[in-house]
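Structure first, commentary second.
Any read-out appearing in this document is the output of simple, stated calculations on the displayed coordinates, not a laboratory observation. Model, not experiment: these values are computed from the prediction. Don't worry about glycine lacking a Cβ; one is built from the backbone with ideal geometry, like all the others, and counts go over all protein chains shown.
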Amino acid sequence: MHSQYPSRIAGMSYPATYKYTKEHEWIEVNGNIGTVGITDYAQSSLGDIVFVDLPKVGATLAAHDTFGSVESVKAVSDLYSPVAGTVTEVNSALNDAPETINSDANSTWLMKIEISDTAALGDLLDAEAYEKYVAEETGH
C-alpha cells in the first residue's frame, strides 16, 4: 500500500518551529500556551475528515490523555495531548468544516492549552526527528 503514495509522503512538510508526538500531533508553543493540531502525515493517513470531537474549554489534561477524536471516511482516531495543562480554547470552526484539516493540517489547530509543565516539551520530537520517525513507520 505504501508504494502507491511515495510522492505524497515525501512531499509533506513539518514546520521546524513545532514539536511532535509519535501519535502524530503537533504543538506550537508561545510562552506557556500550546496550540495543538494533527500532522500532515496524520491527515493523509486518515483520508477525508468528516467530524472532529474536541474537548471542553477548562478541561484538565495530562500528557498523552485522549482529548478528542477525528473521524474520517476510513476510521475514527483518538487525539492525544502532547502536554499536561488546561484547555483554554477549541477551534469550533471545525464543527462546520472538519475538512479544513485535510487542506492545511499544519495551520489548522484543534485546541489551545495552558501548559502546566513546559519542561515536558523536551520529551517531544523536533521536526527532523518526527520526519525520521514517519519514514521508519512507513518505510520511506
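So the values come out like this:
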{"read-out": "Within a Gaussian network of the chain (alpha carbon springs, distance under 10 Å), most fluctuating of G58, G85, G31", "value": "G31"}
{"read-out": "Folded to 0 to 90 degrees: helix 127-138 orientation relative to the chain principal axis, Cα", "value": "50"}
{"read-out": "Extent along principal axes [Cα atoms of the range 93-134; Å; largest to smallest]", "value": "35, 28, 11"}
{"read-out": "Neighbourhood charge, 9 Å Cβ-Cβ cut-off, centred on A84 and excluding it, Lys, Arg +1 and Asp, Glu -1", "value": "-2"}
{"read-out": "Over the chain: helical MRE at 222 nm, DSSP H runs n ≥ 4 each giving -39500 (n - 2.57), nearest 500", "value": "-5000 deg cm²/dmol"}
{"read-out": "Sequence of V90, V57 once ranked by neighbouring C-beta atoms within 10 Å, starting from the fewest", "value": "V57, V90"}
{"read-out": "Computed over the range 2-138, the ratio Rg/Rh where both radii use C-alpha atoms and Rh is Kirkwood", "value": "0.95"}
{"read-out": "Positive minus negative residues near S103 (Lys, Arg vs Asp, Glu; Cβ under 11 Å)", "value": "-4"}
{"read-out": "Ranking of D123, D53 by count of other Cβ atoms within 10 Å, fewest first", "value": "D123, D53"}
{"read-out": "In sequence order, calculated HN-Hα J values of the range 30-44 (Karplus, 6.51, -1.76, 1.60; Hz; x Gly/Pro)", "value": "10, x, 10, 9, x, 9, 10, x, 10, 6, 4, 4, 4, 5, 5"}
{"read-out": "Where labels lie 7 Å past Cα in the beta-carbon direction, separation of N102 and N30 in nm", "value": "2.9"}
{"read-out": "Cross-link partners of K19 among lysines (Cα-Cα below 22 Å; sequence separation of 8 or more within a chain)", "value": "K112, K132"}
{"read-out": "Taking K74, K19 and counting other C-beta atoms within 10 Å, the order from fewest to most", "value": "K74, K19"}
{"read-out": "Cα-projected label distance for D48 with A129, points at 7 Å along beta-carbon direction, nm", "value": "3.7"}
